[in-house]
Every structure is written in structure tokens, then in C-alpha cells.
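The values are calculated or read from the model by the stated rules, or taken from the named source; none is laboratory data. Source: prediction; values computed, not measured. Don't worry about glycine lacking a Cβ; one is built from the backbone with ideal geometry, like all the others, and counts go over all protein chains shown.
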């Protein structure tokens with residue numbers, strides 16, 4: 001179920017509850033059903049917020065690669081990915097969607113350059129393979145941008161899902177492979 005449908009269902013539930021509360025108070029101000037429904041009405045925003053947060057990635061200590069500036073970059077990437085996901089989930093304007101996507105891509109490229117410089121400066125033995133993974137990811141994202149330019153909002157779900165899986169797998173996989181090597185060289 002997409003966010004638009006969920007929002008519509010929540011709005012309909014709220015409207016129905018308000019009508020029932022009003023009708024209950026018409027019969028008697030002490031009608032317990034109306035008071036219970038007021039409590040339910042107050043809880044609906046909490047349920048809505050909880051369901052909206054389910055698509056958000058939260059930083060976990062297990063994502064840390066043990067290098068402070070790389071961890072900060074990864075936190076920023078997660079923040080930007082969450083903003084992009086919000087743009088998709090809530091069907092924001094095309095300008096907001098493009099801005100969120102471009103910010104995520106631009107920061108990803110910036111992060112890759114910083115990471116690659118650190119690896120190159122410290123003679124990381126698997127640098128070429130790691131750099132190739134970065135280039136492959138950028139090529140895939142550029143393909144997604146072309147798809148977005150062609151299909152618009154409908155392409156965002158695939159982009160969001162791909163980036164979420166890729167980012168977490170990349171941090172917990174290939175990025176953690178270099179951390180021990182670089183930590184031994186004093187990079188923290």
C-alpha cells in the first residue's frame with residue numbers, strides 16, 4: 001500500500017471517528033463511546049508517524065568502520081537517503097524529488113572521492129577493486145537518473161530500494177574490509 005493510499009485511509013478514519021463522536025455527544029455528553037473514540041483519535045497520529053518511520057534507516061554503531069570522517073560521511077549519506085525516501089513515500093513535488101536525488105548523488109560522489117583518496121594515500125592493496133565498485137554504483141545511479149527523467153515519480157521506488165540495500169551492504173561489506181588495514185596505519 002503506498003503512502004497516498006495510507007494517508008487517504010487515515011483521513012477517512014479520522015473523519016468517520018469525528019462524525020461518530022459528534023453523534024454520540026448528541027445523545028449524551030457523558031456517552032463513553034465518544035470519549036473512547038476521542039482517545040483513539042488522539043492515537044491515530046502516533047500510528048501514522050510510526051508507519052512513516054518504518055522506511056527510514058537509522059544509524060547503528062555496527063555500521064561504523066572505525067574511521068571518524070568516513071562514519072560521518074556514512075551518516076550524512078543515510079540522512080540524504082532518508083530525505084530521498086521521504087520525497088518518494090510522500091509523493092513530493094518533482095522539484096523536491098530531483099533535489100533530494102541530486103543531493104544524494106552529489107554527496108555520494110564526494111564521499112567516494114574522499115574514501116578513495118584515503119585508500120590511495122595509504123596504499124590500500126584492494127584499492128582498484130574498491131574503486132571499481134564505486135564506479136559501478138555511480139553508473140547504476142546515473143542509469144536510474146535517466147529512468148527518473150523518463151518515467152518520473154514511478155521510477156523512484158526502484159531507486160530508493162536499490163540505494164538502501166546498496167548503501168548498507170557497501171558499508172557493512174566492502175567498507176569494513178579496508179577499515180582494519182587503515183586502522184593499523186593510524187587512521188581512526
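List of remarks:
- Residue within region 176-184 that is under 18 Å from residue 99 (Cβ atoms) and in the same structural domain as residue 82 (by TED's automatic domain parsing) present: no
- Taking region 56-68 as the range and being under 17 Å from residue 188 (Cβ atoms) and either in contact with a helix residue (DSSP H, G or I) (Cβ under 7 Å, 6 or more places away or on another chain) or surrounded by 18 or more Cβ atoms within 10 Å (Cβ to Cβ) (or both) as the test, the residues that pass are 63, 64, 65, 66, 67.
- The set of residues in region 143-157 that are more than 16 Å from residue 99 (Cβ to Cβ), free of Cβ contacts under 8 Å to residues at least 24 places away in the same chain and surrounded by fewer than 14 Cβ atoms within 10 Å (Cβ to Cβ) comprises 143, 146, 150, 151, 154.
- Each residue in region 104-135 was checked for being under 19 Å from residue 148 (Cα atoms) and surrounded by 16 or more Cβ atoms within 10 Å (Cβ to Cβ), and 4 pass.
- Positions within region 171-188 being assigned to a helix (DSSP H, G or I) and crowded, with 18+ Cβ neighbours inside 10 Å, in sequence order: 171, 175, 178, 182
- Residues that are in contact with a strand residue (DSSP E or B) (Cβ under 9 Å, 6 or more places away or on another chain) and not assigned by TED's automatic domain parsing to the domain that holds residue 7 number at least 1 in none of the helices (runs of 4 or more DSSP H) confined to region 59-165.
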